[in-house]
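The values are calculated or read from the model by the stated rules, or taken from the named source; none is laboratory data. Note that this is a predicted model, so its numbers are computed, not measured. Note: ideal-geometry Cβ built from the backbone for every residue, glycine included; neighbour counts use all protein chains shown.
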Amino acid sequence: MVNEKKMIWTKKDLLGLEYLSKEEIEHILYTAASFKEVTTRQIKKVPALRGKTVVNLFYEPSTRTRISFELAAKRLSADVINVAVESSSVRKGETLIDTGRNIEALKIDIIVVRHDCSGAPNILARSVKASVVNAGDGWHEHPTQALLDIFTLKSKLGRIEDLSVSIIGDIAHSRVARSNIWGLTKLGAKVTVCAPKTLIPEGIEKMGVKVTNDLDEAIREADAINVLRMQLERDTSGAFPTKIDFFKQYGISEERLKACKKGIVVMHPGPINRGVEMSSGVADGQNSVILEQVTNGIAVRMAVLYLVAHAKR
Ligand code: CP
(Lines give C-alpha, C1' and ligand atoms only; values in the text may rest on other atoms or scores of the structure.)
Protein backbone atom coordinates (compact mmCIF):
# COMPACT_ATOMS: atom_id res chain seq x y z
CA MET A 1 0.00 0.00 0.00
CA VAL A 2 1.45 3.34 -1.03
CA ASN A 3 1.51 6.03 1.63
CA GLU A 4 0.07 8.67 -0.67
CA LYS A 5 0.52 11.47 1.87
CA LYS A 6 4.28 11.02 1.80
CA MET A 7 4.76 11.16 -1.98
CA ILE A 8 6.98 14.02 -3.11
CA TRP A 9 5.56 15.32 -6.40
CA THR A 10 8.35 16.04 -8.88
CA LYS A 11 6.59 16.66 -12.20
CA LYS A 12 6.25 20.32 -13.19
CA ASP A 13 3.85 19.40 -16.03
CA LEU A 14 0.90 17.09 -16.60
CA LEU A 15 1.13 16.03 -20.23
CA GLY A 16 -0.52 12.63 -20.23
CA LEU A 17 -1.23 9.55 -18.13
CA GLU A 18 1.27 7.63 -20.25
CA TYR A 19 4.03 9.51 -18.41
CA LEU A 20 2.72 8.88 -14.87
CA SER A 21 3.28 5.86 -12.63
CA LYS A 22 0.44 4.02 -10.89
CA GLU A 23 1.52 5.68 -7.63
CA GLU A 24 1.45 9.16 -9.19
CA ILE A 25 -2.06 8.59 -10.57
CA GLU A 26 -3.19 7.33 -7.15
CA HIS A 27 -1.64 10.39 -5.54
CA ILE A 28 -3.60 12.73 -7.80
CA LEU A 29 -6.83 10.86 -6.96
CA TYR A 30 -6.02 11.00 -3.26
CA THR A 31 -5.31 14.75 -3.46
CA ALA A 32 -8.51 15.27 -5.47
CA ALA A 33 -10.54 13.54 -2.74
CA SER A 34 -9.36 16.11 -0.19
CA PHE A 35 -10.17 18.98 -2.57
CA LYS A 36 -13.59 17.46 -3.25
CA GLU A 37 -14.37 18.12 0.40
CA VAL A 38 -13.44 21.80 -0.14
CA THR A 39 -15.92 22.04 -3.03
CA THR A 40 -18.77 20.98 -0.72
CA ARG A 41 -18.10 23.72 1.88
CA GLN A 42 -20.16 26.88 2.06
CA ILE A 43 -17.02 28.89 1.27
CA LYS A 44 -15.46 26.80 -1.48
CA LYS A 45 -12.05 28.39 -1.40
CA VAL A 46 -8.59 27.62 0.02
CA PRO A 47 -5.41 29.74 -0.24
CA ALA A 48 -3.27 26.93 -1.73
CA LEU A 49 -2.37 28.88 -4.92
CA ARG A 50 -2.60 32.43 -3.59
CA GLY A 51 -0.12 34.60 -5.48
CA LYS A 52 0.06 32.18 -8.45
CA THR A 53 -1.33 32.92 -11.90
CA VAL A 54 -2.91 30.41 -14.26
CA VAL A 55 -3.50 31.03 -17.98
CA ASN A 56 -6.09 29.04 -19.92
CA LEU A 57 -4.83 28.88 -23.51
CA PHE A 58 -7.45 27.08 -25.59
CA TYR A 59 -6.89 26.68 -29.35
CA GLU A 60 -10.02 24.48 -29.64
CA PRO A 61 -13.57 24.95 -28.36
CA SER A 62 -14.40 23.76 -24.85
CA THR A 63 -17.17 24.17 -22.32
CA ARG A 64 -16.49 21.71 -19.49
CA THR A 65 -12.70 21.67 -19.39
CA ARG A 66 -12.14 25.41 -19.66
CA ILE A 67 -14.76 26.40 -17.10
CA SER A 68 -13.65 23.61 -14.80
CA PHE A 69 -9.96 24.67 -14.92
CA GLU A 70 -10.99 28.29 -14.29
CA LEU A 71 -13.14 27.29 -11.32
CA ALA A 72 -10.44 24.98 -9.97
CA ALA A 73 -7.83 27.75 -10.11
CA LYS A 74 -10.21 30.25 -8.47
CA ARG A 75 -11.12 27.76 -5.71
CA LEU A 76 -7.37 27.59 -4.97
CA SER A 77 -7.19 31.43 -4.86
CA ALA A 78 -5.02 31.72 -7.98
CA ASP A 79 -5.41 34.60 -10.44
CA VAL A 80 -6.81 33.32 -13.75
CA ILE A 81 -6.50 34.68 -17.27
CA ASN A 82 -8.44 33.21 -20.17
CA VAL A 83 -6.80 33.80 -23.54
CA ALA A 84 -9.25 33.96 -26.42
CA VAL A 85 -6.98 32.54 -29.12
CA GLU A 86 -9.26 33.88 -31.86
CA SER A 87 -8.62 37.47 -30.76
CA SER A 88 -4.97 37.00 -29.73
CA SER A 89 -1.74 37.44 -31.71
CA VAL A 90 -1.99 33.76 -32.70
CA ARG A 91 -4.19 35.09 -35.51
CA LYS A 92 -1.18 37.14 -36.72
CA GLY A 93 0.93 34.02 -37.05
CA GLU A 94 2.64 33.85 -33.64
CA THR A 95 3.98 30.36 -32.93
CA LEU A 96 2.93 28.31 -29.92
CA ILE A 97 6.44 28.57 -28.46
CA ASP A 98 6.53 32.36 -28.87
CA THR A 99 3.07 32.67 -27.33
CA GLY A 100 4.23 30.48 -24.42
CA ARG A 101 7.44 32.47 -23.88
CA ASN A 102 5.56 35.76 -23.95
CA ILE A 103 3.00 34.46 -21.48
CA GLU A 104 5.87 33.35 -19.27
CA ALA A 105 7.49 36.78 -19.52
CA LEU A 106 4.31 38.04 -17.84
CA LYS A 107 5.27 35.87 -14.82
CA ILE A 108 2.63 33.20 -15.29
CA ASP A 109 3.04 30.05 -13.19
CA ILE A 110 0.81 27.53 -14.97
CA ILE A 111 -0.30 27.32 -18.62
CA VAL A 112 -3.34 25.11 -19.25
CA VAL A 113 -3.36 24.35 -22.97
CA ARG A 114 -5.81 22.71 -25.34
CA HIS A 115 -4.58 22.29 -28.90
CA ASP A 116 -5.68 20.47 -32.04
CA CYS A 117 -2.13 19.17 -32.62
CA SER A 118 -1.05 16.05 -30.75
CA GLY A 119 2.11 16.83 -28.77
CA ALA A 120 1.63 20.63 -28.64
CA PRO A 121 1.63 20.68 -24.78
CA ASN A 122 4.84 18.58 -24.76
CA ILE A 123 6.55 21.12 -27.06
CA LEU A 124 5.36 24.00 -24.89
CA ALA A 125 6.51 22.28 -21.68
CA ARG A 126 10.04 21.94 -23.09
CA SER A 127 10.08 25.63 -24.05
CA VAL A 128 8.95 27.30 -20.82
CA LYS A 129 9.81 27.04 -17.14
CA ALA A 130 6.14 27.51 -16.19
CA SER A 131 4.11 24.37 -15.54
CA VAL A 132 2.12 23.11 -18.52
CA VAL A 133 -1.11 21.14 -18.11
CA ASN A 134 -2.57 19.34 -21.10
CA ALA A 135 -6.29 20.10 -21.46
CA GLY A 136 -6.57 17.86 -24.55
CA ASP A 137 -4.21 17.64 -27.54
CA GLY A 138 -5.38 16.31 -30.89
CA TRP A 139 -5.92 12.55 -30.78
CA HIS A 140 -3.18 12.11 -28.17
CA GLU A 141 -4.29 12.58 -24.54
CA HIS A 142 -6.82 14.34 -22.32
CA PRO A 143 -5.34 13.40 -18.95
CA THR A 144 -7.59 15.40 -16.63
CA GLN A 145 -10.68 13.96 -18.35
CA ALA A 146 -9.44 10.42 -17.71
CA LEU A 147 -8.52 11.30 -14.12
CA LEU A 148 -12.01 12.64 -13.46
CA ASP A 149 -13.54 9.58 -15.15
CA ILE A 150 -11.44 7.29 -12.95
CA PHE A 151 -12.15 9.39 -9.84
CA THR A 152 -15.91 9.16 -10.53
CA LEU A 153 -15.73 5.41 -11.17
CA LYS A 154 -13.79 4.84 -7.95
CA SER A 155 -16.31 6.98 -6.02
CA LYS A 156 -19.16 4.88 -7.42
CA LEU A 157 -17.70 1.37 -7.26
CA GLY A 158 -15.07 1.71 -4.52
CA ARG A 159 -12.12 0.48 -6.56
CA ILE A 160 -10.55 0.37 -10.01
CA GLU A 161 -8.52 -2.84 -9.78
CA ASP A 162 -10.18 -5.78 -11.59
CA LEU A 163 -13.13 -3.71 -12.80
CA SER A 164 -14.26 -4.44 -16.36
CA VAL A 165 -14.50 -1.15 -18.23
CA SER A 166 -15.60 -0.92 -21.86
CA ILE A 167 -14.78 2.16 -23.91
CA ILE A 168 -17.23 2.44 -26.77
CA GLY A 169 -17.37 4.50 -29.95
CA ASP A 170 -14.94 6.67 -31.84
CA ILE A 171 -11.71 5.20 -30.42
CA ALA A 172 -9.71 6.27 -33.50
CA HIS A 173 -9.99 10.02 -32.88
CA SER A 174 -10.24 9.91 -29.10
CA ARG A 175 -7.69 11.44 -26.74
CA VAL A 176 -10.15 10.55 -23.95
CA ALA A 177 -9.89 6.86 -24.88
CA ARG A 178 -6.09 6.92 -24.89
CA SER A 179 -5.81 8.64 -21.51
CA ASN A 180 -8.43 6.32 -20.00
CA ILE A 181 -6.62 3.27 -21.33
CA TRP A 182 -3.29 4.40 -19.84
CA GLY A 183 -4.86 5.27 -16.49
CA LEU A 184 -7.22 2.33 -16.11
CA THR A 185 -4.70 -0.33 -17.12
CA LYS A 186 -2.04 1.12 -14.79
CA LEU A 187 -4.56 0.86 -11.94
CA GLY A 188 -5.37 -2.76 -12.81
CA ALA A 189 -8.73 -2.51 -14.61
CA LYS A 190 -9.63 -4.84 -17.49
CA VAL A 191 -10.30 -2.59 -20.46
CA THR A 192 -12.20 -3.46 -23.64
CA VAL A 193 -12.53 -1.10 -26.59
CA CYS A 194 -15.49 -1.46 -28.94
CA ALA A 195 -16.23 0.26 -32.25
CA PRO A 196 -16.71 -0.50 -35.93
CA LYS A 197 -13.41 -1.59 -37.53
CA THR A 198 -13.18 1.81 -39.20
CA LEU A 199 -12.96 3.55 -35.83
CA ILE A 200 -10.42 1.23 -34.17
CA PRO A 201 -6.82 2.40 -34.61
CA GLU A 202 -4.30 -0.21 -35.70
CA GLY A 203 -2.21 -1.66 -32.89
CA ILE A 204 -4.47 -0.45 -30.06
CA GLU A 205 -4.30 -3.92 -28.48
CA LYS A 206 -0.62 -3.22 -27.72
CA MET A 207 -1.93 -0.83 -25.03
CA GLY A 208 -3.18 -3.87 -23.11
CA VAL A 209 -6.84 -3.75 -24.09
CA LYS A 210 -9.25 -6.29 -25.55
CA VAL A 211 -10.68 -5.22 -28.91
CA THR A 212 -14.14 -6.12 -30.19
CA ASN A 213 -16.55 -4.91 -32.85
CA ASP A 214 -19.50 -6.53 -31.05
CA LEU A 215 -21.25 -4.07 -28.71
CA ASP A 216 -23.32 -6.73 -26.94
CA GLU A 217 -20.12 -8.63 -26.09
CA ALA A 218 -18.47 -5.41 -24.85
CA ILE A 219 -21.26 -4.43 -22.47
CA ARG A 220 -22.51 -7.84 -21.24
CA GLU A 221 -20.02 -8.24 -18.37
CA ALA A 222 -18.92 -4.62 -17.99
CA ASP A 223 -18.97 -2.89 -14.60
CA ALA A 224 -18.80 0.44 -16.41
CA ILE A 225 -18.98 1.81 -19.91
CA ASN A 226 -17.38 5.03 -21.11
CA VAL A 227 -19.20 6.08 -24.27
CA LEU A 228 -17.20 8.42 -26.48
CA ARG A 229 -18.38 11.37 -28.49
CA MET A 230 -18.49 10.79 -32.23
CA GLN A 231 -15.99 13.39 -33.41
CA LEU A 232 -18.01 14.52 -36.42
CA GLU A 233 -15.69 17.54 -36.87
CA ARG A 234 -12.70 15.21 -37.48
CA ASP A 235 -14.06 13.60 -40.65
CA THR A 236 -15.76 10.40 -39.63
CA SER A 237 -17.75 10.48 -42.88
CA GLY A 238 -16.41 7.20 -44.27
CA ALA A 239 -16.48 5.35 -40.96
CA PHE A 240 -20.18 4.36 -40.98
CA PRO A 241 -23.10 4.91 -43.40
CA THR A 242 -25.33 7.26 -41.33
CA LYS A 243 -25.70 8.38 -37.72
CA ILE A 244 -28.87 6.27 -37.53
CA ASP A 245 -26.90 3.20 -38.61
CA PHE A 246 -24.24 3.94 -36.00
CA PHE A 247 -26.85 4.23 -33.25
CA LYS A 248 -28.52 0.96 -34.31
CA GLN A 249 -25.23 -0.95 -34.08
CA TYR A 250 -23.19 0.92 -31.47
CA GLY A 251 -25.55 3.31 -29.67
CA ILE A 252 -26.45 2.70 -26.03
CA SER A 253 -30.23 2.50 -25.71
CA GLU A 254 -32.43 1.66 -22.69
CA GLU A 255 -33.11 -1.71 -24.36
CA ARG A 256 -29.39 -2.51 -24.59
CA LEU A 257 -28.78 -1.40 -21.03
CA LYS A 258 -31.32 -3.99 -19.80
CA ALA A 259 -28.90 -6.74 -20.87
CA CYS A 260 -26.08 -5.27 -18.76
CA LYS A 261 -25.17 -5.71 -15.10
CA LYS A 262 -27.81 -3.99 -12.95
CA GLY A 263 -25.50 -1.39 -11.41
CA ILE A 264 -23.50 -0.66 -14.56
CA VAL A 265 -21.97 2.83 -14.48
CA VAL A 266 -22.55 4.85 -17.66
CA MET A 267 -20.04 7.59 -18.41
CA HIS A 268 -19.58 10.04 -21.26
CA PRO A 269 -16.98 12.82 -21.43
CA GLY A 270 -19.38 15.19 -23.19
CA PRO A 271 -20.53 16.89 -25.22
CA ILE A 272 -23.09 14.18 -26.07
CA ASN A 273 -24.55 13.63 -29.53
CA ARG A 274 -27.92 12.41 -28.26
CA GLY A 275 -29.36 9.69 -30.47
CA VAL A 276 -25.93 8.90 -31.95
CA GLU A 277 -23.77 7.54 -29.10
CA MET A 278 -26.60 7.05 -26.61
CA SER A 279 -30.30 7.75 -26.17
CA SER A 280 -31.50 10.59 -23.96
CA GLY A 281 -33.09 7.98 -21.69
CA VAL A 282 -29.64 6.50 -21.00
CA ALA A 283 -27.85 9.87 -20.78
CA ASP A 284 -30.33 11.11 -18.17
CA GLY A 285 -31.10 7.71 -16.62
CA GLN A 286 -30.23 6.27 -13.22
CA ASN A 287 -27.03 4.55 -14.34
CA SER A 288 -25.61 7.74 -15.80
CA VAL A 289 -22.90 9.60 -13.85
CA ILE A 290 -22.25 12.10 -16.63
CA LEU A 291 -22.96 15.22 -14.60
CA GLU A 292 -21.10 13.81 -11.57
CA GLN A 293 -18.07 13.49 -13.88
CA VAL A 294 -18.35 17.21 -14.63
CA THR A 295 -18.63 18.10 -10.94
CA ASN A 296 -15.66 15.88 -10.02
CA GLY A 297 -13.60 17.60 -12.71
CA ILE A 298 -13.20 20.62 -10.44
CA ALA A 299 -11.62 18.66 -7.56
CA VAL A 300 -9.42 16.67 -9.94
CA ARG A 301 -8.18 19.83 -11.67
CA MET A 302 -7.61 21.51 -8.30
CA ALA A 303 -5.38 18.55 -7.41
CA VAL A 304 -3.46 18.75 -10.67
CA LEU A 305 -2.91 22.52 -10.46
CA TYR A 306 -1.87 22.23 -6.81
CA LEU A 307 0.60 19.40 -7.46
CA VAL A 308 2.32 20.89 -10.50
CA ALA A 309 2.58 24.29 -8.79
CA HIS A 310 4.29 22.70 -5.78
CA ALA A 311 6.47 20.22 -7.69
CA LYS A 312 9.96 19.71 -6.28
CA ARG A 313 12.11 20.40 -9.35
N1 CP B 1 -14.99 16.55 -22.16
C2 CP B 1 -14.51 17.69 -22.68
O3 CP B 1 -13.32 17.85 -22.92
O4 CP B 1 -15.46 18.64 -22.93
P5 CP B 1 -15.16 20.10 -23.50
O6 CP B 1 -14.68 19.94 -24.91
O7 CP B 1 -16.46 20.84 -23.39
O8 CP B 1 -14.08 20.71 -22.65
Review point. Filtering the range 1-19 down to residues that are among the aliphatic types (A, V, I, L, M) and in contact with a helix residue (DSSP H, G or I) (Cβ under 8 Å, 6 or more places away or on another chain), which residue is surrounded by the fewest Cβ atoms within 10 Å (Cβ to Cβ)?
Key: 2
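Residues checked against (1) within 16 Å of the ligand (Cβ to nearest atom); (2) among the aromatic types (Phe, Trp, Tyr); (3) in contact (Cβ under 8 Å) with a residue 40 or more places away in the chain:
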| position | (1), (2), (3) |
| --- | --- |
| 95 | no, no, no |
| 102 | no, no, no |
| 109 | no, no, yes |
| 113 | yes, no, yes |
| 135 | yes, no, yes |
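Taking into account only those residues within the range 137-161 that are part of a helix (DSSP H, G or I) and charged (D, E, K, R), which is nearest to the ligand (Cβ to nearest atom)?
Step one: list which residues in the range 137-161 are part of a helix (DSSP H, G or I), which gives 143-157.
Checking the rest, the ones that are also charged (D, E, K, R) come to 149, 154, 156.
On the way: 149: 9, 154: 19, 156: 18 Å.
Out of the qualifying residues, it is 149.
Residues are listed down the side, and each one gets a yes or a no for (1) modelled with pLDDT of 95 or more; (2) exposed (fewer than 13 other Cβ atoms within 10 Å of the Cβ); (3) over 18 Å from the mean Cα position of the chain (by Cα); (4) under 24 Å from residue 64 (Cα atoms):
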| residue | (1), (2), (3), (4) |
| --- | --- |
| 93 | no, yes, yes, no |
| 104 | no, no, yes, no |
| 113 | yes, no, no, yes |
| 118 | yes, no, no, yes |
| 126 | yes, yes, yes, no |
| 129 | yes, yes, yes, no |
| 133 | yes, no, no, yes |
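Taking the condition of being within 16 Å of the ligand (Cβ to nearest atom) and either in contact with a Pro (Cβ under 6 Å, 6 or more places away or on another chain) or of a type in the set (D, E, K, R) (or both), how many residues in the range 280-298 meet it? Please lay out each step first, then the result.
To start, the set of residues in the range 280-298 that are within 16 Å of the ligand (Cβ to nearest atom) comprises 283, 288-298.
Then drop every residue that is not either in contact with a Pro (Cβ under 6 Å, 6 or more places away or on another chain) or of a type in the set (D, E, K, R) (or both), which leaves 292.
Summing the residues that are within 16 Å of the ligand (Cβ to nearest atom) and either in contact with a Pro (Cβ under 6 Å, 6 or more places away or on another chain) or of a type in the set (D, E, K, R) (or both) in the range 280-298 gives 1.
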Review point. Looking at the range 139-166, which of its residues are touching a residue at least 60 places away in the same chain (Cβ under 8 Å), farther than 26 Å from residue 66 by Cβ and surrounded by fewer than 24 Cβ atoms within 10 Å (Cβ to Cβ)?
Key: 157, 163, 164
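Specify which of the listed residues (45, 22, 52) is surrounded by fewer than 16 Cβ atoms within 10 Å (Cβ to Cβ) and more than 21 Å from the chain's Cα centre (by Cα).
Values: 22 fails: more than 21 Å from the chain's Cα centre (by Cα); 52 fails: surrounded by fewer than 16 Cβ atoms within 10 Å (Cβ to Cβ).
Unique residue meeting the criteria: 45.
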Point to revise | Pair list, Cβ < 6 Å and 6+ apart or interchain, from the range 257-275 residues that are basic (Lys, Arg) to residues that are within 15 Å of the ligand (Cβ to nearest atom) | key: none
Exercise for review: Answer yes if at least one residue in the range 57-66 is crowded, with 19+ Cβ neighbours inside 10 Å, assigned to a strand (DSSP E or B) and within 16 Å of the ligand (Cβ to nearest atom), and no otherwise.
Suggested key: yes
Revision key, fill the gap. Exactly one of 24, 37 is within 30 Å of residue 204 (Cβ to Cβ) and in a helix (DSSP H, G or I), and that one is 24
Exercise for review: Working carefully through the options 21, 77, 87, 68, find the one that is at pLDDT below 95 and small (Gly, Ala, Ser).
Suggested key: 87
